[in-house]
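Heads up, the thing below is written out as C-alpha cells.
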Amino acid sequence: MTSFGQRVRAAFGSHGQLCVGIDPHAHLLAEWGMDATACAARDFGLRVVEAAAGRVGIVKPQVSFFERYGSAGFVALETVIAAARDAGLLVIADAKRGDIGTTMDAYAEAWLTPGSPLEVDAVTVSPYLGVGALDGTFSLAERHGKGVFVLAATSNPEALTLQRAQVAAGRTVSADVVREVSERNARTTPEGEWASLGFVIGATVDWTDAGLQPFSPVAPILGPGFGHQGAEPHQLGERFGALGGAVIASESRSILSAGPGDIAARIAERAALYTTAPR
C-alpha cells in the first residue's frame, strides 16, 4: 500500500502542485447559470472534476457548500467524490472536523474508511481540542494509507490571538501543533519518504510571525491562498522556504470564476505555473 504522502509526491511529479477547489458557492452557481440546489452543486462539482482530470492531480471539495443542502447535499458530495476518485484524482475533503474520543473517531471513519460513501484520500481536521484528541484519526489514516491535514497556521484574522499565543516552552500554538504532529511522523514514516500527516498553512501567513520553522520529515502542506487571495506560483519558495516543493497550492475562485465553458483552459493555464518548483 502506497502512503498518502508518497501519492502526493507522485501527483506533483505527474501534474505539478496545483489543487483545484470544488466550492459550489451560491454566487458561483449563479454565475454558472445554476440555481442554489443540491442537484446544481452536484452538476457543478462534476463539471469541475471533468475539467480537472488529467490536468491536475488533486481536488479539494469544500464540504460546507454541499452540507448546507442536508441529506441531498451529502448525496451530491458522494457523487462528486466518487467521480473524482474514479478519474484518478486525489481527493481532499475540506471538512475541518475536530472533536474528542469516539466522536472524533466516527468523523474519521466517515471520511477515511475504505468503502465508506464519503471515502476520500485525506481530510482536514482541527487540533484545537488538543492534538492528542486526533490520535484515533491519525491511526486510522495510517492503517488505510490515507492522509490528514491538521490546521496549523491559517490566514484569517480571527485566528491570530489563538494561533500566535505562546505556550510554556516559548513556542506559538501553531508551532507546537507542527511539533507534535511531526514527532509522530518521525516515528511512523520510512526514511526518505514523505509523511502522510500534513498541515494547513495559509500561503499568506508570515512564518516568522507565526513562529514556524522548517520541519522534518517532509509532509505535504495544504496551502490555501493562491490565486484570488493574492499568492502566486512563483512565490512558493518565498512563502514556504525549503518546503515550497511540498506545498499543495490550492486555488478555488481564481479558477471557478472562469465559468463552465472556460474552466478546463483556466485549469491548464494555472497548472502549468506550478510545475517548475523544486521537489
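Read the figures in this text as sums done on the coordinates, not as results from a lab. Since this is a predicted model, take the numbers as computed values, not measurements. Quick reminder, even Gly has a Cβ in these numbers, built from the backbone with ideal geometry, and neighbours come from all protein chains shown.
Residues considered: A141, A51, A72. Largest GNM mean-square fluctuation over the chain, using C-alpha springs under 10 Å, is found at A72. Restricting to region 4-274, compute how many DSSP beta bridges are antiparallel as a %, nearest 5. Of the beta bridges lying entirely in region 4-274, close to 5 percent run antiparallel. Loop-resident trypsin sites (Lys or Arg not before Pro) (DSSP state other than H, G, I, E or B) in region 1-102 with no more than 14 further Cβ atoms inside 10 Å of their Cβ: R68. Residues in region 19-27 carry Karplus couplings, in order, of 10, 9, x, 10, 10, x, 5, 4, 6 Hz; the curve used is 6.51 cos²θ - 1.76 cosθ + 1.60 with θ = phi - 60°, and Gly or Pro positions show x. Close amide-amide hydrogen proximity is noted between L129 and no other residue 5 or more places distant or on a separate chain, at a cut-off under 5 Å (H modeled in the peptide plane; Pro and chain starts excluded).
Going by alpha carbons, how many degrees (0 to 90, nearest 10) lie between the helix axis of 38-52 and the longest principal axis of the chain? With rounding to tens, the tilt is 80 degrees.
Note on percent of Cα pairs over 29 Å apart: of the candidates (i) 24; (ii) 28; (iii) 33, the value calculated from this structure sits at (ii). Footprinting exposure proxy ranking of R184, R266, fewest other C-beta atoms within 10 angstrom first, gives R184, R266. Once backbone amide H atoms are built at 1.01 Å from N, G21 has K60, E251, S252 as its partners under 5 Å, excluding neighbours fewer than 5 places away on the same chain.
The amide H of V200, built 1.01 Å from its N in the peptide plane, has V150, L151, A152, A153, L222 as neighbours under 5 Å, considering only residues 5 or more places off or on other chains. For the residues G145, G223, G237, a GNM of the chain with alpha-carbon springs under 10 Å puts the largest fluctuation on G237. Among the GluC sites (Glu not before Pro) within region 191-244, those in coil by DSSP and having at most 11 neighbouring Cβ atoms inside 10 Å are E191. State whether region 1-129 is rounded, prolate or oblate according to the following rule on the C-alpha gyration tensor (a ≥ b ≥ c being the square roots of its eigenvalues): a/c under 1.5 gives rounded; otherwise a/b larger than b/c gives prolate, and the remaining case gives oblate. Oblate shape, in that a/c is at least 1.5 and b/c is the bigger or equal ratio. Under a Gaussian network description of the chain, with springs only between Cα atoms under 10 Å, the residue in I267, I201, I100 that fluctuates furthest is I100. Phi angles of region 243-259 translate, via the Karplus equation with coefficients 6.51, -1.76, 1.60 and θ = phi - 60°, into HN-Hα couplings of 8, x, x, 9, 8, 8, 7, 8, 10, 10, 4, 4, 9, 5, 5, 5, x Hz per residue; Gly and Pro are given as x.
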